[in-house]
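Colleague: Mind having a look at this structure? Questions to follow.
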Amino acid sequence: MDSKLLVLVMIVHLICMVTAQDSSCVRCCDYEPTNTSGQFSILRGEKGDTGERGLPGQIGKAGPIGGKGTTGEKGSNGFPGYRGPKGIQGEQGEPGTSGQQGPRGSKGLRGTKGDMGSNGQKGELYDFENWPVFSVARSSVQNGQSSHTTVTYDFTFVNIGNDMNLGTGIFTCHIPGVYFFTFATLKYNNKHAAAFIMVNNTPKARIFGDDKDWQGMISQSLTITLTAGNTVWVRIDKHSEYRNVQLHSNNKHHTTFNGQLIRPAV
């Protein structure tokens, strides 16, 4: 505030205190001057400029600790952080359990031809003089007495190796390999002709002719792999529906049984 104006305000205030006309105090800014006395006049000055801001006051004492506020709402997930540096390699763990076998892969490329191997050991020579071959026959009729009647023989064309027993009608294998067998008989008028080529008590091939009024040769053959000790024979099939089962033969040898080794086992 201007010093002259301050002095003026103080004078006015003093006048207010001593004047007899009005015992109340009047603010200078509320005083409207009159010129009734003719002694002086006070003019209201213009509003002064805003003063400079005072210095901050001292920091007050800390207030008491407030009560615990309510839990705020869960904030949204923050942005992913930056990828950290690669850690140091840890210790090797224990081996895991074996997994399931995967599917079979595709066929690979054909490899290059390998070197020729060394010569193998010299093989054993077969005894061709005793190579199993037989051909036997019946000289008479054989009727089916039961389902387990074995056909027997009384005439030998050849029996190399002696693996065929005429009395029992059974061939016993001594040299393992692939064998070929045939059986033939005469189906006579109004007679059934039914039989099986048996291998180790198991029927393998059937011979059959019905009981109609006709006669003729019927036959069956079998190629099979045998091991040492296997047996082969022919069994008459005496079925309950068959009447008069018969394998016809005479001195012309209509009923024959043949067998031979065609390839020994390697």
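No value in this document is a laboratory result; all are computed from the given coordinates. Given the structure is predicted, the values throughout are model-derived calculations rather than measurements. Cβ coordinates were reconstructed from backbone atoms using ideal geometry, including for glycine residues, and neighbour counts include every protein chain displayed.
Colleague: Return the distance in nm (one decimal) between the two label points of a simple spin-label model at Thr202 and Asn162, each offset 7 Å from Cα along Cα→Cβ.
Modeller: Between Thr202 and Asn162, the simple spin-label model gives 3.0 nm.
Colleague: Here is a further query. Which of the trypsin sites (Lys or Arg not before Pro) across the stretch 165-222 are loop residues per DSSP, with 16 or fewer other Cβ within 10 Å?
Modeller: Hits after loop and neighbour filter: Lys212.
Colleague: Residue by residue, what Karplus-based ³J(HN,Hα) values in Hz, rounded to whole numbers, does the stretch 187-195 have, using 6.51, -1.76 and 1.60 with θ = phi - 60° and x for Gly and Pro?
Modeller: Here the 3J(HN,Hα) series is 7, 9, 4, 6, 10, 7, 10, 9, 7 Hz.
Colleague: Take each of the peptides 259-265, 101-107, 219-225, average the number of other beta-carbon atoms within 10 Å over its residues, and list them starting from the highest. List each step's numbers first, then the result.
Modeller: On the way: 259-265: 15.4, 101-107: 5.7, 219-225: 13.6.
Those peptides, ordered most packed to least, come out 259-265, 219-225, 101-107.
Colleague: When the dipole is taken about the Cα centre of the stretch 52-136, and only Lys, Arg (+1) and Asp, Glu (-1) are charged at their Cβ, what size is it in debye, to the nearest 20?
Modeller: Values: 11 positive and 8 negative charges, 201 e Å.
It works out to roughly 960 debye.
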